[in-house]
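*Asks:* Just dropping this structure here.
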Amino acid sequence: MCQVDEEYNGQLDHRVTPRVSKKCVKCKENTTVLIIRAGDAFCRGCFKEYFIHKFRAMLGKNRVIFPGEKVLLAVSGGPASSSMLSQVQEGLSRDAPKKLRFVPGIIYIDEGGASGQSMEERKRAVAQLESVFRATNYHYHIVHLEQVLSLPSSVLEAGSSATGKPPTGSSYKAAVDHLIPTRKNQNQHPDLSVENAQSHLSNLSMQEVQNGVTSPITPEHTQALKRLFASVRTPTAKEDLLHTLRHTLCIELWQQQLCHFEMLLCSQGFSDPRHGDVVIVRPMRDYSSKEIAYYNRMFDIPSVFIPGLDSKAQDKASIQRLTESFVTKLQTDFPSTVSTIYRTSEKLHTACPPQNTNTQLSAKCLLCVCALDTKLGESHCQCTKMASHHGNGLYSLNKNTRHFVLKRVVFFI
Amino acid sequence: MLLKQLETDRGGAELLFGSVKEHHVTLPNQSEPWDMKQLLVWIRGNMLKERPELFVQGDTVRPGILVLINDADWELMGELEYELQDKDNVVFISTLHGG
């Protein structure tokens, strides 16, 4: 029987290490360059085909994208989102078989204020990313995370409405639709009259975003963001907050005339019905990080590394880091780990409560967009505690309710 | 003398090497050929500026760090047992928390 001190004397099988002369499992001709999954060795050409095919299949599986639909790509600069961007370019290119036909836009959120980067570092990262975005010729938006704290109260009191439509009704939407060009080409000069009309249409106090970078943020904004993160005690909660704010900002920008898109593609995040009309798709989740890293390397996909909240953190610094470390280590010896977890997670479904037509538009938590439970008396949640620290902007907007409960389910997968 | 090009590319691995992505390295002569295991020990001793545990774990690289030898997966080359040749190009890519 197995004992702690039992000696196996080399009876255990060692994992067989294949040699470089092995032929590709697919074409059986070319020399392999890469092993993925539990031992499939691919040559360069077959790996590229496999990678591209997977992306198309992922997009096709979740939802049919109608030609001309506007799709927003959330790009962080990291390998997964950079890879996603290059796959979209690949799919939209003229010589692609079964070419994709949608109108892409890019959004990048500068989170340097939360992760402690200096303004110079942030500017450098933004400049690098801008050159990547310009090369795509897609409409892009660069926003700062600080903006999530100064979203105008007029917009938010009307509610992060479940339908995702601006509160002024369908005529507004129609008007905006009419004005926003369906495809902005970098070679064209922006239509100034269109831009002016857009700014008049919206009642936003938010900085107007041209095709490019927003107006610079003030040091006070950055300080407010830093105070917010400093008020959150654990690294786990900080990462969770960052994730939520990132998501909230994307969705809020979507709900304004600025980013009028039907679908959001991102490499992280939850795909669920909280945001009404916005369909969130994660086309990169089918790939292992190894596949993405190799593809980017082999095919020179530009990416920009930006240190985050958890860079150089210890393994046990946060639940997210611990989970990542645990799964990664397990994967080394048991190559089916990640795919098993992934398949199991696909079986989990969020429970959708029936839509209550009497629910006021403002009775949703601004951060997680779940219904506020105003029946409970003394319940507090994270949002309230943070409101007591900062009491402005984002958190003071639920003036009609004093107590609310933040309901959410968090998956650490 | 073995001349080698080491890259710590993307994903943040370069942070541990003083933010330098490309290193041209000449390994000292020895009677037996250098293998990857020895290279890692050498890197740990001579090149890593900080936090060795984020790069090397035990005998091998930390899980989550990919190694390419001449643009091929090192798993195809024998991993730690691969014997280094002159002018080999070795790339380390960190895949941890890449978004």
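*Asks:* At a 1.4 Å probe radius, which order do A:95, A:333, B:88, B:71 fall into by accessible area, largest first? Write out the running numbers ahead of the final one.
*Replies:* Numbers: A:95 135, A:333 110, B:88 10, B:71 75 Å².
Listed by decreasing accessible area, they come as A:95, A:333, B:71, B:88.
*Asks:* If you take the accessible area of A alone, add that of B alone, and subtract the area of the pair, what total do you get in Å², probe 1.4 Å, to the nearest 100?
*Replies:* 3000 Å²
*Asks:* Quick one: length gained pulling residue A:315 to residue A:49 fully straight, 0.36 nm per residue minus the C-alpha distance?
*Replies:* 92.2 nm
*Asks:* List the residues, sorted by chain then number, that are 5 or more residues from residue B:62 or on another chain and whose placed amide H is less than 5 Å from its amide H.
*Replies:* B:56, B:57
*Asks:* Let me ask something additional. Want the number for residue A:95 to residue A:341: 0.36 nm per residue separation, take away the alpha-carbon distance, what's left?
*Replies:* Taking 0.36 nm per residue and subtracting the Cα distance, the gain is 84.9 nm.
*Asks:* If DNA, RNA and ligands are ignored and the probe is 1.4 Å, what is the ranking of A:50, A:295 by accessible area, most exposed first?
*Replies:* Working: A:50 35, A:295 5 Å².
In descending accessible area the options line up as A:50, A:295.
*Asks:* Whenever you get a sec, line up A:141, A:53, A:221, B:23 from highest to lowest accessible area (probe 1.4 Å, protein heavy atoms).
*Replies:* A:53, A:221, B:23, A:141
*Asks:* On a 27 Å Cα-Cα criterion, which of the cross-link pairs A:54/B:21; A:99/A:123; A:226/A:364; A:316/A:364; A:23/A:290 come out too long?
*Replies:* A:54/B:21; A:99/A:123; A:316/A:364
The values are calculated or read from the model by the stated rules, or taken from the named source; none is laboratory data. Quick caveat, the model's predicted, so the values are computed rather than measured. Accessible surface areas use protein heavy atoms only, side chains included; no ligands, DNA or RNA. Shrake-Rupley method; radii C 1.70, N 1.55, O 1.52, S 1.80 Å.
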